[in-house]
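Structure, as structure tokens:
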Amino acid sequence: MTTAVADVKAGTVRATVEIAAPPAAVFRALTDPQELETWWGHPEMYRTHDYQIDLRVGGKWSAKATGGGQESVVRGEYLAVDPPRVLETSWDQFRRTIVRYTLEAIPSGTRLTVFHRGFAGEEDCKNHADGWERVLEWLTGYLARIKKAAV
């Protein structure tokens with residue numbers, strides 16, 4: 001089950017999910033361009049593509065998102081890279097925010113916690129909480145399909 005909570009006063013979102021996959025597989029799904037293109041997005045909403053990733057502290061990343069006849073670009077910089085435990089990046093689209101992924105090994109796989117900070121408005125913060133729930137459900141579904149295909 002995915003939970004995402006917005007703290008609108010602090011301008012933060014904390015989302016958590018338990019995934020039946022080891023931390024290394026989850027980390028790879030968050031950092032490999034081909035894997036990201038496979039799972040991040042939904043045909044009825046938007047799809048991400050054309051990832052450019054320099055996975056190191058100070059390295060840049062970018063991706064395009066296409067949906068509803070529109071295309072946008074999101075980009076950022078890696079601030080912490082500690083596979084398979086921590087990934088932190090800036091998210092520079094409309095304003096600079098920071099996303100920190102923490103991966104914890106648990107008996108059933110991985111507990112992934114996303115802490116996204118830097119939101120200026122209440123509505124933006126709430127919308128991102130909803131968005132993170134969707135994104136983590138897409139990630140969980142993708143990793144479940146990969147596991148099932150391997151059996």
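Remarks
- Residue in region 91-118 that is modelled with the highest pLDDT, counting only those that are touching a strand residue (DSSP E or B) at 6+ places or on another chain (Cβ under 9 Å) and over 22 Å from T3 (Cα atoms): R96
- Condition broken by E71, with the remaining ones in (1) open to solvent by less than 80 Å² (accessible area, probe 1.4 Å); (2) of a type outside the set (S, T, Y); (3) without any contact (Cβ under 8 Å) to a residue 12 or more places away in the chain satisfied: (1)
- Failed criterion for V99 (all others in (1) within 21 Å of T38 (Cα to Cα); (2) open to solvent by 20 Å² or more (accessible area, probe 1.4 Å); (3) not charged (D, E, K, R) hold): (2)
- Checked against the criteria, I106 counts as exposed (fewer than 15 other Cβ atoms within 10 Å of the Cβ) and β-branched (V, I, T).
- Any hit, region 55-63, residues being crowded, with 18+ Cβ neighbours inside 10 Å and of a type outside the set (A, V, I, L, M): yes
- Listed conditions (1) among the acidic types (D, E); (2) farther than 19 Å from W132 by Cβ; (3) touching a Cys at 6+ places or on another chain (Cβ under 9 Å) are all met by D7, apart from (2).
- The set of residues in region 4-31 that are over 18 Å from Y142 (Cβ atoms), more than 14 Å from the chain's Cα centre (by Cα) and either buried (at least 19 other Cβ atoms within 10 Å of the Cβ) or of a type in the set (S, T, N, Q) (or both) comprises A6, T12.
- Residues being touching a Pro at 6+ places or on another chain (Cβ under 6 Å), surrounded by fewer than 18 Cβ atoms within 10 Å (Cβ to Cβ) and within 19 Å of Q93 (Cβ to Cβ) are represented in region 37-53 by at least one member.
The values are calculated or read from the model by the stated rules, or taken from the named source; none is laboratory data. On a predicted model such as this, the values are computed, not experimentally measured, just so you know. We place every Cβ from the backbone using ideal geometry, glycine too, and count neighbours over all the protein chains shown. Note: accessible area is taken over every heavy atom of the protein model, side chains too, but ligands, DNA and RNA are not part of it. Shrake-Rupley method; radii C 1.70, N 1.55, O 1.52, S 1.80 Å.
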